[in-house]
Amino acid sequence: MELQQIIKAAVDQAISYQQYRAFVEAHTVNGTNSGDEVTEALAEYTALNNQRMKRLDKTLKLLTKHQEFLSAFHKEVYFLIITESWCGDAAQTMPMMNKVAEAAGIDFKVVLRDENPLLMDHFLTNGARSIAKLLLIDKNTDLPITTWGPRPTKATQLVAEEKASKGELLPEFKQVLQNWYNKDKGIDTEQDLMEMLKAV
């Protein structure tokens, strides 16, 4: 199947950000998680992510210097995000993706990784099905213009440095990464997305 057809099929069953938030909330209430593998640990991550997204939805604010560009943005594009409820990086970045999309009038569509393996496998990161992955799609062709993810630039550097020094990501590094996200307050993600949209 061609990529355009794969994207169209994914978009046909995509949900909005608000629907995704309700979906994660429902998994939290039920003590479950999305994806092919359902475990107690992934369900706990889902509940934690639900709390993170609730907080970020309320507290994140776009930088004033970006608001004029976003309000004047008029390109025929949409965001297609590949994710799962248990993904910590997704919980830390999707609220900012949504703020940028709302300010720019960009449609925000969410699909699940494990339900869309053909789509995911077109957008691997170093050979892995890493999420969250944002695809900036041309509305007229349903083809990707560019992609972003699974992490903002500075977080990607942190992960690369950790892997280089330790050979792998140790469990305690997850806390280091979460601390970085908490201090960053979405700014690095916002900056990355602004650069992406300015290049369209």
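Worth pointing out:
- Residues considered: P95, P144. Of these, the only one that is under 10 Å from the mean Cα position of the chain (by Cα) and modelled with pLDDT of 95 or more is P95.
- Qualifying residue in the stretch 100-114 (condition: farther than 25 Å from M53 by Cα and either over 16 Å from the mean Cα position of the chain (by Cα) or at pLDDT below 95 (or both)): no
- Search result, residues across the stretch 36-81 that are open to solvent by 30 Å² or more (accessible area, probe 1.4 Å) and of a type in the set (G, A, S): A41, A47, S71, A72
- When the stretch 158-181 is filtered for residues that are part of a helix (DSSP H, G or I), loosely packed, with under 12 Cβ neighbours inside 10 Å and not small (G, A, S), the ones remaining, listed by number, are E161, K166, P171, E172, Q175, N179.
- Under the condition of being over 18 Å from I131 (Cβ atoms) and open to solvent by 60 Å² or more (accessible area, probe 1.4 Å), the residues counted in the stretch 1-21 number 7.
- Pair list, Cβ under 8 Å, 6 or more apart: the stretch 1-29 residue more than 22 Å from T146 (Cβ to Cβ), other residue of a type in the set (F, W, Y) and surrounded by fewer than 19 Cβ atoms within 10 Å (Cβ to Cβ): I15/F23
- Taking each residue of the stretch 87-99 that is closer than 15 Å to A47 by Cβ and looking for partners that are of a type in the set (F, W, Y) and not in a helix (DSSP H, G or I) with beta-carbon atoms closer than 7 Å, six or more apart or interchain, yields nothing.
The values are calculated or read from the model by the stated rules, or taken from the named source; none is laboratory data. As the structure is a computational prediction, the values presented were derived from the model and not from experiment. In this analysis, Cβ positions are derived from the backbone assuming ideal geometry, glycine residues included, and neighbour counts consider all displayed protein chains. Each accessible area value is taken on the protein alone, full model and side chains, heavy atoms only, with ligands, DNA and RNA left out. Shrake-Rupley method; radii C 1.70, N 1.55, O 1.52, S 1.80 Å.
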